[in-house]
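Visitor: Got a structure here, written out as structure tokens. Questions coming.
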Amino acid sequence: MYSLSNCRIIELPKITDPRGNLTFIEGVRHVPFDIKRVYYLYDVPGGAERGGHGHKALHQLIIAMSGSFDVVLDDGREKHRIHLNRSYYGLYVCPMIWRELDNFSSGSVCMVLASNLYDEADYYREYDQFIQAVPMREGA
């Protein structure tokens, strides 16, 4: 069963060099899934929000490639806000977590590595439907 405790910051390899730093990502080695899709958000207007959905089976790693933004994670029981602002840190988000992205800085770029190809059937677009699908936890 997935919960917020499964989501975590993953520190990616960082090779420091006076000419500029380098970070690389290898599926399964640095992230807990095979990477099947990569997409990125950019030119997000000030005050805009992105995300606002959950996934039934998709695993993701969210990275602030440039600038910063916040990710709000919600497992149906509790919420956590995580501020991303380093390109060598990725936020692993497991399935059955509602996520929202906001507080984008000017010029920010959000890259997402995903475990599956795009599949609309994997999405919860309405929060009420997501909450209804969240498995009950012991003691809840």
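The values are calculated or read from the model by the stated rules, or taken from the named source; none is laboratory data. Predicted model only: the values in this text are computed from it and were never measured. Cβ placement follows ideal geometry from the backbone for every residue including glycine, while neighbour counts extend to all protein chains displayed.
Visitor: What number of residues within segment 16-68 are at positive phi and either free of Cβ contacts under 8 Å to residues at least 24 places away in the same chain or touching an Asp or Glu at 6+ places or on another chain (Cβ under 7 Å) (or both)?
Guide: Total meeting the criteria: 6.
Visitor: Further question on the same structure: Give the residues of segment 1-47 that are among the hydroxyl-bearing types (Ser, Thr, Tyr) and part of a loop (DSSP other than H, G, I, E, B), sorted by residue number.
Guide: Listed by number, the residues that qualify are TYR2, SER3, THR16.
Visitor: Looking only at residues in segment 47-65 that are among the small types (Gly, Ala, Ser) and modelled with pLDDT under 95, which one is surrounded by the most Cβ atoms within 10 Å (Cβ to Cβ)?
Guide: Among those residues, the one meeting the criterion is GLY51.
Visitor: A further question follows. Answer yes or no: is there a residue in segment 56-74 that is of a type in the set (Gly, Ala, Ser), closer than 30 Å to ASN21 by Cβ and not in a strand (DSSP E or B).
Guide: yes
Visitor: Something else: Hey, does segment 114-123 have a residue that's surrounded by 14 or more Cβ atoms within 10 Å (Cβ to Cβ) and at pLDDT below 95?
Guide: Looking through segment 114-123, none of the residues is surrounded by 14 or more Cβ atoms within 10 Å (Cβ to Cβ) and at pLDDT below 95.
Visitor: Just to be sure I understand, how many residues within segment 73-85 are surrounded by fewer than 18 Cβ atoms within 10 Å (Cβ to Cβ) and closer than 21 Å to ARG125 by Cβ?
Guide: 2
Visitor: The conditions are (1) buried (at least 18 other Cβ atoms within 10 Å of the Cβ); (2) within 22 Å of ALA133 (Cβ to Cβ); (3) within 14 Å of the chain's Cα centre (by Cα), and PRO95 fails exactly one of them. Which is it?
Guide: (1)
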